[in-house]
Amino acid sequence: MGDQGDNLYLGLDLSTQQLKAAVINEKLEIVAEQIVIYDSDLPEFRTQGGALIDKINNAYITSPTLMWVKALDIVLDKLTVAGINFSKIAAVSGSGQQHGSVYWQRGASQTLATLNPGEFLHQQLAHSFAVANSPIWMDSSTTKQCQLLEQAVGGPMKLAEITGSRAYERFTGSQICKINQTRPDAYKNSERISLVSSFLCSLFAGKIAPIDISDGSGMNLMNIKTKKWDETLLEVCGSNLAEKLGDPVPSTTIVGDISPYYVDRYNFNPNCKTIACTGDNPASLIGMRLSENWIAVSLGTSDTVFLWLSEPKVVLDGHVLCNPIDENAYMALLCFKNGSFTRERIRDQCAEGSWDVFNQLLESTPRGNFGNIGLYYDNQEIIPFLHGDYRFSKGGRVTKFNSLEVEVRAVIEGQCIRNRAYSEDFGLKIDKNTKILATGGASNNKAILQVLSDVFNAPVYVQHAANSAMLGAAYQAKHGLFFGQKSYHDVMSPLPEPELACTPYQDAESIYIPMVHRYRAIVKELTAQ
Ligand SMILES: O=C(CO)[C@@H](O)[C@H](O)CF
(Lines give C-alpha, C1' and ligand atoms only; values in the text may rest on other atoms or scores of the structure.)
Protein backbone atom coordinates (compact mmCIF):
# COMPACT_ATOMS: atom_id res chain seq x y z
CA MET A 1 0.00 0.00 0.00
CA GLY A 2 2.77 2.45 -0.94
CA ASP A 3 4.22 4.67 1.78
CA GLN A 4 2.28 3.96 5.00
CA GLY A 5 2.37 7.68 5.69
CA ASP A 6 -0.42 8.42 3.24
CA ASN A 7 -2.65 5.45 4.13
CA LEU A 8 -6.30 6.15 4.66
CA TYR A 9 -8.80 4.10 6.71
CA LEU A 10 -12.57 3.82 6.18
CA GLY A 11 -15.00 3.38 9.09
CA LEU A 12 -18.78 3.09 8.82
CA ASP A 13 -21.52 3.09 11.47
CA LEU A 14 -24.77 1.42 10.36
CA SER A 15 -26.99 2.78 13.08
CA THR A 16 -30.73 2.87 13.58
CA GLN A 17 -31.47 6.16 11.83
CA GLN A 18 -28.57 6.58 9.43
CA LEU A 19 -25.43 5.15 7.82
CA LYS A 20 -22.36 7.28 8.56
CA ALA A 21 -18.94 6.93 6.94
CA ALA A 22 -15.63 8.54 7.88
CA VAL A 23 -12.27 8.41 6.13
CA ILE A 24 -9.31 9.11 8.43
CA ASN A 25 -5.59 9.50 7.74
CA GLU A 26 -2.57 8.04 9.57
CA LYS A 27 -2.90 10.76 12.23
CA LEU A 28 -6.52 9.67 12.77
CA GLU A 29 -7.76 13.02 11.44
CA ILE A 30 -11.08 12.93 9.58
CA VAL A 31 -10.47 13.71 5.91
CA ALA A 32 -14.03 13.00 4.75
CA GLU A 33 -17.36 12.22 6.35
CA GLN A 34 -20.66 11.38 4.69
CA ILE A 35 -24.09 10.36 5.94
CA VAL A 36 -27.26 8.76 4.58
CA ILE A 37 -30.39 9.36 6.63
CA TYR A 38 -32.80 6.54 5.86
CA ASP A 39 -36.11 8.35 6.37
CA SER A 40 -35.25 11.32 4.13
CA ASP A 41 -32.70 9.88 1.69
CA LEU A 42 -34.54 6.57 1.14
CA PRO A 43 -38.25 7.53 1.54
CA GLU A 44 -39.36 4.59 -0.57
CA PHE A 45 -38.86 2.37 2.48
CA ARG A 46 -41.24 4.52 4.58
CA THR A 47 -39.31 4.14 7.84
CA GLN A 48 -39.70 6.29 10.98
CA GLY A 49 -36.31 6.87 12.56
CA GLY A 50 -35.04 4.06 10.34
CA ALA A 51 -37.55 1.57 11.70
CA LEU A 52 -40.85 -0.02 10.70
CA ILE A 53 -43.27 -0.31 13.63
CA ASP A 54 -45.86 -3.02 13.08
CA LYS A 55 -49.32 -1.45 12.87
CA ILE A 56 -51.00 -4.31 14.70
CA ASN A 57 -48.35 -5.11 17.31
CA ASN A 58 -46.15 -2.07 18.04
CA ALA A 59 -43.74 -4.24 20.00
CA TYR A 60 -42.71 -5.77 16.66
CA ILE A 61 -40.06 -3.46 15.15
CA THR A 62 -37.90 -4.12 12.09
CA SER A 63 -35.85 -2.36 9.42
CA PRO A 64 -35.78 -3.15 5.69
CA THR A 65 -32.50 -5.00 5.06
CA LEU A 66 -32.27 -3.77 1.48
CA MET A 67 -32.51 -0.16 2.77
CA TRP A 68 -29.18 -0.65 4.51
CA VAL A 69 -27.68 -2.06 1.27
CA LYS A 70 -28.95 0.90 -0.73
CA ALA A 71 -27.59 3.29 1.91
CA LEU A 72 -24.12 1.81 1.35
CA ASP A 73 -24.44 2.36 -2.42
CA ILE A 74 -25.31 6.00 -1.74
CA VAL A 75 -22.67 6.74 0.90
CA LEU A 76 -19.90 5.34 -1.32
CA ASP A 77 -21.14 7.49 -4.22
CA LYS A 78 -21.13 10.50 -1.86
CA LEU A 79 -17.51 9.75 -0.91
CA THR A 80 -16.69 9.43 -4.62
CA VAL A 81 -18.21 12.85 -5.33
CA ALA A 82 -16.27 14.21 -2.34
CA GLY A 83 -13.12 13.19 -4.21
CA ILE A 84 -11.85 10.40 -1.95
CA ASN A 85 -8.96 8.45 -3.49
CA PHE A 86 -10.16 4.97 -2.55
CA SER A 87 -6.86 3.43 -3.72
CA LYS A 88 -5.22 4.91 -0.58
CA ILE A 89 -7.61 3.11 1.79
CA ALA A 90 -5.58 0.40 3.52
CA ALA A 91 -8.39 -1.10 5.61
CA VAL A 92 -12.11 -0.80 6.21
CA SER A 93 -14.17 -1.68 9.27
CA GLY A 94 -17.56 -0.84 10.64
CA SER A 95 -20.01 -0.84 13.49
CA GLY A 96 -23.66 -1.74 13.53
CA GLN A 97 -26.64 -1.29 15.78
CA GLN A 98 -26.46 -4.21 18.16
CA HIS A 99 -28.75 -7.27 18.28
CA GLY A 100 -30.37 -6.86 14.84
CA SER A 101 -30.27 -9.91 12.56
CA VAL A 102 -29.96 -10.48 8.81
CA TYR A 103 -31.13 -13.74 7.14
CA TRP A 104 -29.17 -14.51 3.96
CA GLN A 105 -31.18 -16.49 1.37
CA ARG A 106 -29.61 -19.69 0.06
CA GLY A 107 -27.28 -18.71 -2.79
CA ALA A 108 -26.40 -15.32 -1.28
CA SER A 109 -22.74 -16.30 -0.79
CA GLN A 110 -22.45 -16.97 -4.51
CA THR A 111 -24.06 -13.63 -5.32
CA LEU A 112 -21.72 -11.79 -2.93
CA ALA A 113 -18.69 -13.49 -4.50
CA THR A 114 -19.65 -12.59 -8.06
CA LEU A 115 -20.99 -9.03 -7.85
CA ASN A 116 -21.07 -7.11 -11.13
CA PRO A 117 -19.17 -3.80 -10.68
CA GLY A 118 -21.40 -2.21 -13.28
CA GLU A 119 -24.47 -2.43 -11.06
CA PHE A 120 -25.53 -1.18 -7.62
CA LEU A 121 -25.32 -3.55 -4.67
CA HIS A 122 -29.04 -3.18 -3.98
CA GLN A 123 -29.95 -4.30 -7.51
CA GLN A 124 -27.91 -7.49 -7.16
CA LEU A 125 -28.90 -8.34 -3.57
CA ALA A 126 -32.63 -7.62 -4.00
CA HIS A 127 -33.41 -11.36 -3.67
CA SER A 128 -30.65 -12.34 -1.27
CA PHE A 129 -32.58 -12.11 2.00
CA ALA A 130 -34.90 -14.80 3.34
CA VAL A 131 -36.38 -12.22 5.74
CA ALA A 132 -36.91 -8.86 4.02
CA ASN A 133 -37.31 -6.81 7.21
CA SER A 134 -34.63 -7.45 9.84
CA PRO A 135 -35.68 -7.52 13.49
CA ILE A 136 -33.81 -4.74 15.32
CA TRP A 137 -32.93 -3.81 18.93
CA MET A 138 -36.14 -1.76 19.39
CA ASP A 139 -38.29 -4.89 19.12
CA SER A 140 -39.78 -6.20 22.36
CA SER A 141 -42.06 -8.96 21.02
CA THR A 142 -40.01 -12.00 22.13
CA THR A 143 -40.77 -12.41 25.83
CA LYS A 144 -41.87 -16.04 25.33
CA GLN A 145 -38.63 -16.85 23.52
CA CYS A 146 -36.64 -15.18 26.33
CA GLN A 147 -38.32 -17.47 28.85
CA LEU A 148 -37.32 -20.53 26.79
CA LEU A 149 -33.67 -19.43 26.79
CA GLU A 150 -33.60 -18.84 30.55
CA GLN A 151 -35.42 -22.11 31.30
CA ALA A 152 -33.00 -24.05 29.08
CA VAL A 153 -29.98 -23.18 31.25
CA GLY A 154 -31.58 -22.87 34.67
CA GLY A 155 -32.74 -19.29 35.00
CA PRO A 156 -31.74 -15.66 34.40
CA MET A 157 -28.66 -15.64 36.63
CA LYS A 158 -27.26 -18.74 34.90
CA LEU A 159 -27.94 -17.22 31.47
CA ALA A 160 -26.21 -14.02 32.61
CA GLU A 161 -23.23 -16.04 33.85
CA ILE A 162 -22.91 -17.87 30.51
CA THR A 163 -23.72 -15.10 27.99
CA GLY A 164 -23.16 -11.86 29.91
CA SER A 165 -26.85 -10.96 30.15
CA ARG A 166 -30.10 -12.41 31.32
CA ALA A 167 -32.55 -12.84 28.42
CA TYR A 168 -33.60 -9.60 26.74
CA GLU A 169 -36.30 -9.30 24.11
CA ARG A 170 -34.07 -7.29 21.76
CA PHE A 171 -31.20 -9.80 21.91
CA THR A 172 -30.61 -11.86 18.77
CA GLY A 173 -31.16 -15.33 20.26
CA SER A 174 -34.80 -14.70 21.07
CA GLN A 175 -35.29 -12.98 17.71
CA ILE A 176 -33.88 -15.94 15.75
CA CYS A 177 -36.00 -18.28 17.87
CA LYS A 178 -39.11 -16.29 16.97
CA ILE A 179 -38.29 -16.33 13.23
CA ASN A 180 -37.83 -20.11 13.42
CA GLN A 181 -41.15 -20.53 15.25
CA THR A 182 -43.23 -18.14 13.14
CA ARG A 183 -41.52 -18.39 9.74
CA PRO A 184 -39.93 -21.86 9.62
CA ASP A 185 -39.43 -21.76 5.83
CA ALA A 186 -37.54 -18.47 6.06
CA TYR A 187 -35.37 -19.93 8.82
CA LYS A 188 -34.75 -23.13 6.81
CA ASN A 189 -33.92 -21.13 3.64
CA SER A 190 -31.45 -18.94 5.53
CA GLU A 191 -28.03 -20.06 4.32
CA ARG A 192 -26.41 -17.86 6.99
CA ILE A 193 -27.56 -15.46 9.72
CA SER A 194 -25.57 -12.27 10.42
CA LEU A 195 -25.67 -9.48 12.94
CA VAL A 196 -26.01 -5.98 11.48
CA SER A 197 -22.26 -5.51 12.02
CA SER A 198 -21.19 -8.75 10.32
CA PHE A 199 -23.74 -8.11 7.55
CA LEU A 200 -21.97 -4.79 6.85
CA CYS A 201 -18.62 -6.59 6.86
CA SER A 202 -19.99 -9.20 4.42
CA LEU A 203 -20.86 -6.51 1.89
CA PHE A 204 -17.21 -5.38 1.85
CA ALA A 205 -15.65 -8.83 2.10
CA GLY A 206 -17.64 -10.33 -0.79
CA LYS A 207 -18.51 -13.31 1.46
CA ILE A 208 -20.56 -13.91 4.59
CA ALA A 209 -18.32 -12.45 7.32
CA PRO A 210 -17.97 -13.95 10.81
CA ILE A 211 -19.62 -12.47 13.89
CA ASP A 212 -17.11 -10.79 16.21
CA ILE A 213 -17.01 -11.83 19.88
CA SER A 214 -17.95 -8.39 21.15
CA ASP A 215 -21.19 -7.91 19.19
CA GLY A 216 -21.72 -11.67 19.52
CA SER A 217 -21.93 -11.10 23.29
CA GLY A 218 -25.22 -9.29 22.67
CA MET A 219 -27.09 -12.37 21.44
CA ASN A 220 -27.71 -14.47 24.59
CA LEU A 221 -26.06 -17.30 22.61
CA MET A 222 -22.30 -17.04 23.11
CA ASN A 223 -20.31 -18.14 26.16
CA ILE A 224 -18.34 -14.99 26.99
CA LYS A 225 -15.56 -17.00 28.64
CA THR A 226 -14.98 -19.64 25.94
CA LYS A 227 -16.02 -17.26 23.09
CA LYS A 228 -17.93 -20.22 21.59
CA TRP A 229 -21.66 -20.65 20.94
CA ASP A 230 -23.50 -22.40 23.76
CA GLU A 231 -24.93 -25.60 22.21
CA THR A 232 -27.91 -25.74 24.58
CA LEU A 233 -28.96 -22.19 23.73
CA LEU A 234 -28.50 -22.70 19.98
CA GLU A 235 -30.70 -25.80 20.21
CA VAL A 236 -33.52 -23.76 21.73
CA CYS A 237 -33.50 -21.31 18.80
CA GLY A 238 -33.30 -23.61 15.80
CA SER A 239 -31.59 -26.58 14.15
CA ASN A 240 -28.19 -26.19 12.45
CA LEU A 241 -27.88 -22.70 13.96
CA ALA A 242 -24.12 -23.04 14.58
CA GLU A 243 -23.66 -23.61 10.84
CA LYS A 244 -25.82 -20.61 10.00
CA LEU A 245 -23.90 -18.34 12.41
CA GLY A 246 -20.35 -19.48 11.67
CA ASP A 247 -17.70 -19.31 14.43
CA PRO A 248 -17.20 -16.04 16.37
CA VAL A 249 -13.86 -14.27 15.82
CA PRO A 250 -11.84 -11.63 17.72
CA SER A 251 -12.94 -8.09 16.83
CA THR A 252 -9.55 -7.27 15.27
CA THR A 253 -9.68 -10.14 12.78
CA ILE A 254 -8.63 -9.48 9.19
CA VAL A 255 -11.57 -11.13 7.39
CA GLY A 256 -9.89 -10.86 3.99
CA ASP A 257 -9.13 -8.61 1.04
CA ILE A 258 -11.87 -6.24 0.01
CA SER A 259 -14.25 -7.67 -2.60
CA PRO A 260 -13.14 -7.10 -6.25
CA TYR A 261 -16.49 -5.34 -6.68
CA TYR A 262 -15.08 -2.28 -4.87
CA VAL A 263 -11.74 -2.46 -6.69
CA ASP A 264 -13.45 -2.37 -10.09
CA ARG A 265 -16.30 0.00 -9.20
CA TYR A 266 -14.57 2.52 -6.88
CA ASN A 267 -10.87 1.89 -7.52
CA PHE A 268 -10.17 0.51 -4.05
CA ASN A 269 -6.72 -1.03 -3.72
CA PRO A 270 -6.96 -4.82 -4.18
CA ASN A 271 -4.79 -5.16 -1.02
CA CYS A 272 -7.25 -3.18 1.10
CA LYS A 273 -8.20 -5.36 4.07
CA THR A 274 -11.67 -5.90 5.48
CA ILE A 275 -11.51 -5.94 9.29
CA ALA A 276 -14.26 -7.59 11.38
CA CYS A 277 -17.06 -5.18 12.21
CA THR A 278 -18.54 -4.89 15.71
CA GLY A 279 -21.51 -3.43 17.59
CA ASP A 280 -22.01 0.32 17.94
CA ASN A 281 -21.39 0.28 21.68
CA PRO A 282 -18.16 -1.75 21.51
CA ALA A 283 -17.09 0.55 18.64
CA SER A 284 -17.80 3.53 20.90
CA LEU A 285 -15.52 2.00 23.52
CA ILE A 286 -12.81 1.86 20.84
CA GLY A 287 -13.55 5.42 19.75
CA MET A 288 -13.40 6.72 23.32
CA ARG A 289 -10.11 4.98 24.07
CA LEU A 290 -11.60 3.66 27.29
CA SER A 291 -9.24 1.85 29.66
CA GLU A 292 -9.26 0.79 33.30
CA ASN A 293 -10.16 3.52 35.86
CA TRP A 294 -12.25 5.30 33.23
CA ILE A 295 -16.05 5.32 33.04
CA ALA A 296 -17.68 6.53 29.82
CA VAL A 297 -21.12 8.11 30.04
CA SER A 298 -22.85 8.75 26.75
CA LEU A 299 -25.60 11.32 27.33
CA GLY A 300 -27.81 10.86 24.28
CA THR A 301 -31.37 9.88 23.40
CA SER A 302 -30.69 6.92 25.61
CA ASP A 303 -27.96 7.23 28.24
CA THR A 304 -25.30 4.55 28.09
CA VAL A 305 -22.59 3.83 30.64
CA PHE A 306 -19.47 1.91 29.58
CA LEU A 307 -16.92 0.36 31.91
CA TRP A 308 -13.73 -1.55 31.12
CA LEU A 309 -13.77 -4.86 33.01
CA SER A 310 -10.76 -7.12 33.42
CA GLU A 311 -13.07 -9.91 34.56
CA PRO A 312 -16.77 -10.59 33.77
CA LYS A 313 -19.33 -9.88 36.49
CA VAL A 314 -22.67 -11.71 36.77
CA VAL A 315 -25.42 -9.12 37.00
CA LEU A 316 -29.13 -9.17 36.18
CA ASP A 317 -29.20 -5.48 35.24
CA GLY A 318 -26.94 -4.50 32.36
CA HIS A 319 -24.65 -6.43 30.07
CA VAL A 320 -21.15 -7.85 30.02
CA LEU A 321 -19.64 -7.98 26.53
CA CYS A 322 -16.32 -9.38 25.36
CA ASN A 323 -13.94 -6.47 24.86
CA PRO A 324 -13.37 -5.37 21.23
CA ILE A 325 -9.85 -4.13 21.97
CA ASP A 326 -8.44 -6.89 24.20
CA GLU A 327 -10.07 -10.29 23.65
CA ASN A 328 -9.14 -11.36 27.21
CA ALA A 329 -10.91 -8.38 28.77
CA TYR A 330 -14.56 -7.42 28.98
CA MET A 331 -16.74 -4.33 28.94
CA ALA A 332 -19.84 -3.45 30.94
CA LEU A 333 -22.75 -1.82 29.18
CA LEU A 334 -25.65 -0.14 30.94
CA CYS A 335 -28.40 1.15 28.65
CA PHE A 336 -31.00 3.54 29.99
CA LYS A 337 -33.77 4.36 27.50
CA ASN A 338 -34.77 7.57 29.28
CA GLY A 339 -32.00 10.07 28.54
CA SER A 340 -32.26 13.32 26.62
CA PHE A 341 -35.99 13.17 25.85
CA THR A 342 -36.64 13.15 29.62
CA ARG A 343 -34.20 16.02 30.26
CA GLU A 344 -35.86 17.97 27.45
CA ARG A 345 -39.35 17.33 28.86
CA ILE A 346 -38.38 18.81 32.24
CA ARG A 347 -36.59 21.66 30.47
CA ASP A 348 -39.79 22.44 28.55
CA GLN A 349 -41.99 22.14 31.65
CA CYS A 350 -39.74 24.11 34.04
CA ALA A 351 -37.46 26.30 31.96
CA GLU A 352 -39.59 27.49 29.05
CA GLY A 353 -37.65 25.20 26.74
CA SER A 354 -34.40 27.06 27.37
CA TRP A 355 -31.18 25.30 28.42
CA ASP A 356 -29.86 28.62 29.75
CA VAL A 357 -32.85 28.93 32.10
CA PHE A 358 -32.58 25.22 32.91
CA ASN A 359 -28.93 25.63 33.89
CA GLN A 360 -29.68 28.71 36.00
CA LEU A 361 -32.34 26.77 37.90
CA LEU A 362 -29.99 23.79 38.27
CA GLU A 363 -27.16 25.98 39.59
CA SER A 364 -29.51 27.81 41.97
CA THR A 365 -30.17 24.64 44.02
CA PRO A 366 -27.73 23.02 46.48
CA ARG A 367 -26.11 19.64 45.98
CA GLY A 368 -28.51 17.13 47.52
CA ASN A 369 -31.55 19.20 46.49
CA PHE A 370 -32.87 19.74 50.06
CA GLY A 371 -33.36 16.00 50.41
CA ASN A 372 -35.58 15.69 47.33
CA ILE A 373 -35.00 12.88 44.81
CA GLY A 374 -36.78 12.15 41.53
CA LEU A 375 -37.00 9.23 39.09
CA TYR A 376 -38.41 10.07 35.65
CA TYR A 377 -39.25 7.45 33.00
CA ASP A 378 -41.01 8.79 29.89
CA ASN A 379 -40.77 5.34 28.30
CA GLN A 380 -40.72 1.91 29.89
CA GLU A 381 -37.21 1.79 31.35
CA ILE A 382 -34.94 -1.23 30.92
CA ILE A 383 -33.13 -0.71 34.25
CA PRO A 384 -35.04 -0.49 36.53
CA PHE A 385 -38.21 -1.84 34.90
CA LEU A 386 -40.29 1.25 35.73
CA HIS A 387 -42.45 3.72 33.80
CA GLY A 388 -43.69 7.19 34.86
CA ASP A 389 -42.48 9.87 37.30
CA TYR A 390 -41.67 9.23 40.96
CA ARG A 391 -40.90 12.13 43.34
CA PHE A 392 -39.75 11.91 46.95
CA SER A 393 -39.14 14.67 49.49
CA LYS A 394 -37.40 14.14 52.86
CA GLY A 395 -40.71 12.96 54.27
CA GLY A 396 -41.56 10.45 51.55
CA ARG A 397 -43.39 10.21 48.23
CA VAL A 398 -44.97 13.43 46.89
CA THR A 399 -46.97 14.10 43.73
CA LYS A 400 -45.01 17.25 42.89
CA PHE A 401 -42.09 19.31 44.11
CA ASN A 402 -42.71 22.80 45.48
CA SER A 403 -40.42 24.60 43.02
CA LEU A 404 -39.24 24.44 39.43
CA GLU A 405 -35.59 24.47 40.43
CA VAL A 406 -36.03 21.44 42.68
CA GLU A 407 -37.63 19.54 39.79
CA VAL A 408 -34.77 20.49 37.46
CA ARG A 409 -32.08 19.34 39.89
CA ALA A 410 -34.08 16.20 40.71
CA VAL A 411 -34.12 14.94 37.11
CA ILE A 412 -30.36 15.43 36.65
CA GLU A 413 -29.33 14.13 40.08
CA GLY A 414 -31.71 11.18 39.68
CA GLN A 415 -30.13 10.14 36.36
CA CYS A 416 -26.56 10.58 37.65
CA ILE A 417 -27.30 8.67 40.87
CA ARG A 418 -28.83 5.89 38.71
CA ASN A 419 -25.62 5.77 36.65
CA ARG A 420 -23.47 5.46 39.81
CA ALA A 421 -25.70 2.87 41.51
CA TYR A 422 -25.66 0.45 38.57
CA SER A 423 -21.97 1.07 37.83
CA GLU A 424 -21.16 0.06 41.41
CA ASP A 425 -23.29 -3.07 40.96
CA PHE A 426 -20.85 -3.92 38.17
CA GLY A 427 -18.05 -3.73 40.70
CA LEU A 428 -16.95 -0.16 40.00
CA LYS A 429 -14.80 1.02 42.89
CA ILE A 430 -14.56 4.81 42.82
CA ASP A 431 -11.15 6.01 44.01
CA LYS A 432 -8.69 8.84 43.38
CA ASN A 433 -7.81 7.36 39.96
CA THR A 434 -11.40 7.25 38.74
CA LYS A 435 -12.14 9.50 35.75
CA ILE A 436 -15.33 10.01 33.76
CA LEU A 437 -15.45 10.59 30.02
CA ALA A 438 -18.69 12.26 28.96
CA THR A 439 -19.86 12.10 25.36
CA GLY A 440 -23.15 12.57 23.52
CA GLY A 441 -25.26 15.67 23.08
CA ALA A 442 -25.67 16.62 26.74
CA SER A 443 -21.90 16.48 27.31
CA ASN A 444 -21.87 20.06 26.01
CA ASN A 445 -23.82 21.16 29.12
CA LYS A 446 -21.33 21.99 31.90
CA ALA A 447 -24.03 22.39 34.54
CA ILE A 448 -25.12 18.79 33.93
CA LEU A 449 -21.50 17.60 33.89
CA GLN A 450 -20.90 19.25 37.27
CA VAL A 451 -23.70 17.16 38.79
CA LEU A 452 -22.23 14.03 37.16
CA SER A 453 -18.83 14.89 38.66
CA ASP A 454 -20.29 15.50 42.13
CA VAL A 455 -22.39 12.33 42.17
CA PHE A 456 -19.41 10.18 41.15
CA ASN A 457 -16.94 12.29 43.16
CA ALA A 458 -14.65 12.14 40.13
CA PRO A 459 -13.36 14.56 37.49
CA VAL A 460 -15.29 14.68 34.20
CA TYR A 461 -13.51 14.95 30.86
CA VAL A 462 -15.11 15.54 27.49
CA GLN A 463 -14.21 14.30 24.06
CA HIS A 464 -15.78 16.20 21.23
CA ALA A 465 -15.24 13.43 18.69
CA ALA A 466 -18.14 13.57 16.29
CA ASN A 467 -19.50 10.07 16.58
CA SER A 468 -17.61 7.64 18.77
CA ALA A 469 -19.04 4.51 17.08
CA MET A 470 -18.18 5.66 13.55
CA LEU A 471 -14.71 6.85 14.59
CA GLY A 472 -14.21 3.70 16.63
CA ALA A 473 -14.86 1.71 13.46
CA ALA A 474 -12.29 3.75 11.53
CA TYR A 475 -9.74 3.36 14.35
CA GLN A 476 -10.45 -0.40 14.44
CA ALA A 477 -9.67 -0.59 10.70
CA LYS A 478 -6.12 0.59 11.50
CA HIS A 479 -5.90 -1.38 14.76
CA GLY A 480 -6.93 -4.59 12.97
CA LEU A 481 -4.56 -4.03 10.06
CA PHE A 482 -1.54 -3.63 12.37
CA PHE A 483 -2.70 -6.05 15.06
CA GLY A 484 0.31 -7.78 16.56
CA GLN A 485 2.65 -5.11 15.19
CA LYS A 486 1.29 -1.99 16.94
CA SER A 487 -0.60 -1.85 20.22
CA TYR A 488 -4.03 -0.23 20.38
CA HIS A 489 -2.58 2.64 22.39
CA ASP A 490 0.20 3.15 19.83
CA VAL A 491 -2.43 3.24 17.06
CA MET A 492 -4.46 5.77 19.05
CA SER A 493 -1.50 7.90 20.19
CA PRO A 494 -2.03 10.75 17.66
CA LEU A 495 -5.40 11.58 19.27
CA PRO A 496 -5.55 14.58 21.64
CA GLU A 497 -6.16 13.79 25.33
CA PRO A 498 -9.73 14.33 26.56
CA GLU A 499 -10.28 17.83 27.97
CA LEU A 500 -11.00 18.31 31.69
CA ALA A 501 -14.47 19.83 32.04
CA CYS A 502 -15.08 19.86 35.81
CA THR A 503 -14.08 18.42 39.18
CA PRO A 504 -16.24 17.49 42.20
CA TYR A 505 -16.89 19.75 45.19
CA GLN A 506 -15.30 18.71 48.48
CA ASP A 507 -18.64 17.86 50.09
CA ALA A 508 -19.88 15.78 47.12
CA GLU A 509 -19.11 12.32 48.53
CA SER A 510 -20.75 13.07 51.90
CA ILE A 511 -23.92 14.22 50.11
CA TYR A 512 -24.28 11.59 47.40
CA ILE A 513 -23.30 8.34 49.10
CA PRO A 514 -26.45 8.52 51.29
CA MET A 515 -28.50 9.50 48.21
CA VAL A 516 -27.30 6.42 46.30
CA HIS A 517 -28.40 4.25 49.23
CA ARG A 518 -31.77 6.02 49.29
CA TYR A 519 -32.12 5.56 45.51
CA ARG A 520 -31.59 1.83 45.89
CA ALA A 521 -34.20 1.60 48.64
CA ILE A 522 -36.74 3.56 46.56
CA VAL A 523 -36.18 1.42 43.45
CA LYS A 524 -36.44 -1.76 45.52
CA GLU A 525 -39.76 -0.60 46.93
CA LEU A 526 -41.15 0.55 43.57
CA THR A 527 -40.11 -2.56 41.63
CA ALA A 528 -41.49 -4.79 44.40
CA GLN A 529 -44.87 -3.13 43.79
O1 LIG B 1 -29.65 -2.12 22.41
C2 LIG B 1 -28.64 -1.46 22.47
C3 LIG B 1 -27.47 -1.92 23.26
O4 LIG B 1 -27.80 -3.08 24.02
C5 LIG B 1 -28.55 -0.19 21.70
O6 LIG B 1 -27.50 0.62 22.20
C7 LIG B 1 -28.32 -0.48 20.23
O8 LIG B 1 -27.00 -1.00 20.05
C9 LIG B 1 -28.48 0.82 19.45
F10 LIG B 1 -28.28 0.61 18.13
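Annotations for the structure displayed:
- Note on the stretch 354-386: among residues that are without any contact (Cβ under 8 Å) to a residue 12 or more places away in the chain and part of a loop (DSSP other than H, G, I, E, B), the one that is surrounded by the most Cβ atoms within 10 Å (Cβ to Cβ) is S354.
- Within the stretch 272-291, if we keep just the residues that are within 11 Å of N323 (Cα to Cα) and more than 13 Å from the ligand (Cβ to nearest atom), the residue that is nearest to the chain's Cα centre (by Cα) turns out to be I286.
- Pairs, first aromatic (F, W, Y) in the stretch 284-306, second part of a loop (DSSP other than H, G, I, E, B) and modelled with pLDDT under 90, C-beta under 7 Å, six or more apart: F306/L290
- Criterion (within 16 Å of the ligand (Cβ to nearest atom), touching a strand residue (DSSP E or B) at 6+ places or on another chain (Cβ under 9 Å) and modelled with pLDDT of 95 or more) met by exactly one of C335, C322: C322
- Unmet criterion (only one of (1) surrounded by 13 or more Cβ atoms within 10 Å (Cβ to Cβ); (2) over 26 Å from the mean Cα position of the chain (by Cα); (3) of a type outside the set (D, E, K, R); (4) farther than 24 Å from R391 by Cα) for Y488: (2)
- Considering S134, S165, S95, S140, the condition of being touching a residue at least 24 places away in the same chain (Cβ under 8 Å), within 16 Å of the ligand (Cβ to nearest atom), touching a His at 6+ places or on another chain (Cβ under 8 Å) and not in a helix (DSSP H, G or I) is satisfied by S165 alone.
- Of all residues in the stretch 58-90 being in a helix (DSSP H, G or I) and free of Cβ contacts under 8 Å to residues at least 24 places away in the same chain, the one that is surrounded by the fewest Cβ atoms within 10 Å (Cβ to Cβ): V81
- The one condition from (1) within 16 Å of the ligand (Cβ to nearest atom); (2) polar (S, T, N, Q); (3) surrounded by fewer than 24 Cβ atoms within 10 Å (Cβ to Cβ) that T226 does not meet is (1).
- Subset of the stretch 117-162 [closer than 26 Å to T226 by Cα, out of contact with any Gly (no Cβ under 8 Å at 6 or more places or on another chain) and not small (G, A, S)]: C146, Q147, L148, E150, Q151, V153, P156, M157, K158, L159, E161, I162
- Residue that is touching a helix residue (DSSP H, G or I) at 6+ places or on another chain (Cβ under 7 Å), of a type in the set (G, A, S) and surrounded by fewer than 24 Cβ atoms within 10 Å (Cβ to Cβ), where the choices are A51, A21, A32: A32
The values are calculated or read from the model by the stated rules, or taken from the named source; none is laboratory data. What you see is a predicted model, and the numbers here were worked out from it, not measured in a lab. Because the Cβ atoms are built from the backbone with ideal geometry, glycine has one as well, and the counts that use them run over all protein chains shown.
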